[in-house]
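Structure, as structure tokens:
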Amino acid sequence: MLLQPSLTWPSVSGRIPFAKSNLEEYNPSEFVAFDVLRPKGPPDEAASLSVLSVDMRVTENKKDHNTHKYVSSNLIVRRNKEFTIIIKFNRDFNVRQDNVELEFLIGSPPSVNRGTYIILPIGKEKPGVRWKSRVVETQRNYVTVGVTPDASCIIGRFRIFVVVVSYLGKQRTARNTETDVYVLFNPWDPADQVYIPRESDRQEYVMNDVGIIYVGEFYNFTSRSWSFGQFEEGVLDACLFVLDAGKVPLFFRGSATEIVRQASALINANDDDGVLVGNWSGDYSGGTGPTAWTGSPEILLKYAREGGVPVRFAQCWVFAGVLNTLMRCLGIPTRVISNFRSAHDNTGNLMTDIVLDELGRLDRSRTRDSIWNFHCWNEVYMKRPDLPEKFSGWQVIDSTPQETSDGFYRCGPTSVNAIKEGELSYPFDAKFVFAELNSDVIYYQSNKQGKLKILNVDTAYIGKLILTKKPGSSVYEDITSTYKYPEKTVKEREVMQNALRSGIPSRDYLPLTEAGVTIEIQADTVKMGDNFKLTLNINNQTSRTSTINATITGSVAFYTGVTGTTFKFENKAATVEASKTVSLTVDVNASEYTPYLVDQGNLLFVVYGLIEDTEITLSTMRVITLQPPKLTIKMISGTPRVGKDLTISVDFQNPYNFILRNVQLRVEGPGLIPIKIRNYSQILPGGSVKYTVSMVPRTPGKKVLMASLDGPLLRQVTNQLEIDIY
């Protein structure tokens, strides 16, 4: 009786492997030997065929597959596009007589039915196999074979074996990690779920390894460069490790919809030991402050190197930056989005409630909802086969842990088109994203008995501006119109009606009595540590003179809208004639706010106004983000040429009258240098530091060198230098 090895447990050098994860290597001591009983008799000609070598044609194939930027000695290809390998045999190959197969295996135990064990006969058709192979060329004992992975196959790292089949059994090549091939999504191919039509978009959202993330507040947003670094050495393996550590089933990994939903949970560590620990407390002892990071590679490599121990710490732009790297690395077109004045609606009622006490001060204990100065999430581009066709395209995914979705802290994918039209019954998490962009801000006043009265409703405060980096440029692109129609238009009202039909609670608090008077808070750009003035512009749109009493409250605040110490409380009054505007000035001294500053230097001012003759109330608020000092980055010697020495200096001077302690400086640039970190125990008032770093650029093109200086008393100090390497 002839004992045949199981097809679902392919052998390597006559042994069967135990189950291992996708990234683990097999140790020969962990194999179980088996015997193949061979019939007696002389060997036939086919049995004399054996494989001498396999050339994966790494350089040529990677160039053809747009994977040439990955720093890896292994072949990396994209779905539904042919790659070629050259097999050298010990004798001339006869396609009619010789029976040779290619085996592609991923995970363990691999299975034909699950798409984790692919068997491709060379030069012969095999029914039911969705991968394709063909003999491209035969030159005596050299055979060039073309292989096309299926357009919906699992993405990841496949092990390859060449198998000679004869009457003696199957003779496999030995396990060789150098012939492993990575298969990725293919945004260049219309058959792939993540196909994106324009080449300029593919270059930006898949191939660009440096990006810009917009932070700050609506009136004064700023930008910071971020190293996505998806092509850096080890990052691809680290990204696959994230999926393995999160126990993402292999059969999910052929679907972009499944991958992005799983990934939005795996980047945060809240419920699955994911990549990053969120921290908004201001205390980052035992980790790295979120504002200190300059890019994703350092984070992902640390997570993989330490076996899945979550990295500390992150806030929304860090979560978004790392998720962006993971998606682009796997081949999914992705971009980082910044939504200014983003509502975090804890109650899910499309209402952001701001509660004031009887004196008009912010009541922190009763204000549960928060308005983030900005919030970063990601968009991925893909077909949504589970939705009507019009809802394909850009999809929101968000890995910042705000609320749970199906039991995990994750969000999306949510169709941007569905959000714009108020079609919120489709998966996933559309109502939450809609609320981030469209919540009404409702100001309440609480009396001594705790009873609430609505003072004012602002329907246009939230989702004021939505930005992303413009393709092929270093400037922003305003994409607000892709998410929402202009306020108070017919289309905007239609969208709200659609949202109501999808289960959003009715806005039965509208309409309120029109006050006829508005208050606007204005301020110039303010540097941290400066005195400044607030201007209250009171506009009387009625036909009679009105007297307004205004209460101004100033608090320090985190960028998430969570307030800290109240440092200012002041009353003002003004009489405003009909159809006129009066401006009041409020002086704010640095000595008032400096002792209480928290992360990123945000000050929240809330104004409560009472119109004397009508007793109608009005209220508004404004965030002032104090601007930190800048780093100076410049090239001081060398030539910006591949393979030539180049020296850069990073300079900083402490402009304050206090000591900056425990300061950390980070410098990195994909294609220029890996991460460099320098620590300073203190920088004295007026003192300066200068860090000089040398590098040898390895690839041509426009590169970005990023630097970040961070410490307990000073956050968001960043700068970048663009360098054209030729």
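The values are calculated or read from the model by the stated rules, or taken from the named source; none is laboratory data. This structure is a prediction, so every number in the text was calculated from the model and none was measured. As a convention, Cβ positions derive from the backbone with ideal geometry for all residues, glycine included, and neighbour counts pool all protein chains shown. Surface accessibility is based on the protein's heavy atoms, side chains included, excluding ligands, DNA and RNA. Shrake-Rupley method; radii C 1.70, N 1.55, O 1.52, S 1.80 Å.
Here is the figure for segment 237-255: residues that are open to solvent by less than 40 Å² (accessible area, probe 1.4 Å), among the charged types (D, E, K, R) and part of a helix (DSSP H, G or I) total 1. The residues of segment 671-709 that are closer than 19 Å to Gly289 by Cβ and open to solvent by 10 Å² or more (accessible area, probe 1.4 Å), listed by number, are Ile675, Lys676, Ile677, Arg678, Asn679, Tyr680, Ser681, Gln682, Val689, Tyr691.
Scanning segment 662-680 turns up at least one residue that is over 28 Å from the mean Cα position of the chain (by Cα) and over 30 Å from Leu536 (Cβ atoms).
Residues that are more than 14 Å from Tyr409 (Cβ to Cβ) and either hydrophobic (A, V, I, L, M, F, W, C) or surrounded by fewer than 24 Cβ atoms within 10 Å (Cβ to Cβ) (or both) do occur in segment 262-279. Note on segment 356-377: among residues that are assigned to a strand (DSSP E or B) and of a type in the set (S, T, N, Q), the one that is surrounded by the fewest Cβ atoms within 10 Å (Cβ to Cβ) is Ser370.
Considering segment 492-525, and only residues there that are in contact with a helix residue (DSSP H, G or I) (Cβ under 9 Å, 6 or more places away or on another chain) and either outside any helix (DSSP H, G or I) or open to solvent by 80 Å² or more (accessible area, probe 1.4 Å) (or both), the residue that is modelled with the highest pLDDT turns out to be Glu494. Output yes when any residue across segment 605-620 is open to solvent by 10 Å² or more (accessible area, probe 1.4 Å), free of Cβ contacts under 8 Å to residues at least 24 places away in the same chain and more than 30 Å from Thr551 (Cβ to Cβ), and no when none is. The answer is no; no qualifying residue exists.
Figure legend. Inter-residue proximity from segment 271-299: first residues more than 29 Å from Leu672 (Cα to Cα), second residues among the acidic types (Asp, Glu), beta-carbon distance below 7 Å, spacing 6+ or different chains. Indicated pairs: Gly282/Asp599. Annotation: Arg661 fulfils all but one of (1) in contact with a Gly (Cβ under 8 Å, 6 or more places away or on another chain); (2) within 30 Å of Gly234 (Cβ to Cβ); the unmet one is (2). One residue is enough: does segment 134-148 have a residue meeting the conditions part of a loop (DSSP other than H, G, I, E, B) and aromatic (Phe, Trp, Tyr)? Within segment 134-148, not a single residue is part of a loop (DSSP other than H, G, I, E, B) and aromatic (Phe, Trp, Tyr). Contact map, segment 67-79: residues that are touching a residue at least 12 places away in the same chain (Cβ under 8 Å) and of a type in the set (Gly, Ala, Ser) paired with residues that are open to solvent by 20 Å² or more (accessible area, probe 1.4 Å) and not in a loop (DSSP other than H, G, I, E, B), Cβ distance under 9 Å, separation 6+ or inter-chain. Pairs shown: Ser72/Val58; Ser72/Asp237; Ser73/Val58; Ser73/Glu178.
The residues in segment 290-341 that are small (Gly, Ala, Ser) and either buried (at least 24 other Cβ atoms within 10 Å of the Cβ) or touching a His at 6+ places or on another chain (Cβ under 7 Å) (or both) can be counted, and the count is 7.
For segment 332-367, the set of residues classified as polar (S, T, N, Q) and under 19 Å from the mean Cα position of the chain (by Cα) consists of Thr334, Ser338, Asn339, Ser342, listed by residue number. Can you pull out every residue in segment 561-592 that is open to solvent by less than 20 Å² (accessible area, probe 1.4 Å) and not in a strand (DSSP E or B)? Of everything in segment 561-592, just one residue is open to solvent by less than 20 Å² (accessible area, probe 1.4 Å) and not in a strand (DSSP E or B), namely Ala590. Considered as a group, the residues in segment 430-480 that are of a type in the set (S, T, N, Q), open to solvent by 10 Å² or more (accessible area, probe 1.4 Å) and within 15 Å of Asp345 (Cβ to Cβ) include one that is nearest to the chain's Cα centre (by Cα), and that residue is Asn438. Restricting the search to strands (runs of 3 or more DSSP E) fully inside segment 36-128 and requiring at least 2 residues that are more than 30 Å from Leu672 (Cβ to Cβ), out of contact with any Cys (no Cβ under 6 Å at 6 or more places or on another chain) and modelled with pLDDT of 95 or more gives 51-55, 83-89, 99-105, 117-121. Number of residues in segment 533-560 that are outside any loop (DSSP other than H, G, I, E, B), in contact with a Ser or Thr (Cβ under 9 Å, 6 or more places away or on another chain) and open to solvent by 10 Å² or more (accessible area, probe 1.4 Å) equals 5.
For segment 80-107, the candidate set comprises residues that are aliphatic (A, V, I, L, M) and free of Cβ contacts under 8 Å to residues at least 60 places away in the same chain; within that set, the residue that is surrounded by the fewest Cβ atoms within 10 Å (Cβ to Cβ) is Val95. Only one entry in Pro629, Pro595 is over 29 Å from Ile538 (Cα atoms), out of contact with any strand residue (DSSP E or B) (no Cβ under 6 Å at 6 or more places or on another chain) and open to solvent by 60 Å² or more (accessible area, probe 1.4 Å), namely Pro595. Of the residues screened, Ser225 is one that is open to solvent by 10 Å² or more (accessible area, probe 1.4 Å), of a type in the set (Gly, Ala, Ser) and modelled with pLDDT of 95 or more.
Here the condition is being open to solvent by less than 10 Å² (accessible area, probe 1.4 Å), in a helix (DSSP H, G or I), modelled with pLDDT of 95 or more and among the aromatic types (Phe, Trp, Tyr); of Tyr182, Tyr205, it holds for Tyr205 alone. When the residues of segment 141-171 are filtered to those that are among the charged types (D, E, K, R) and either modelled with pLDDT under 95 or under 13 Å from Leu105 (Cα atoms) (or both), the one that is surrounded by the most Cβ atoms within 10 Å (Cβ to Cβ) is Arg159.
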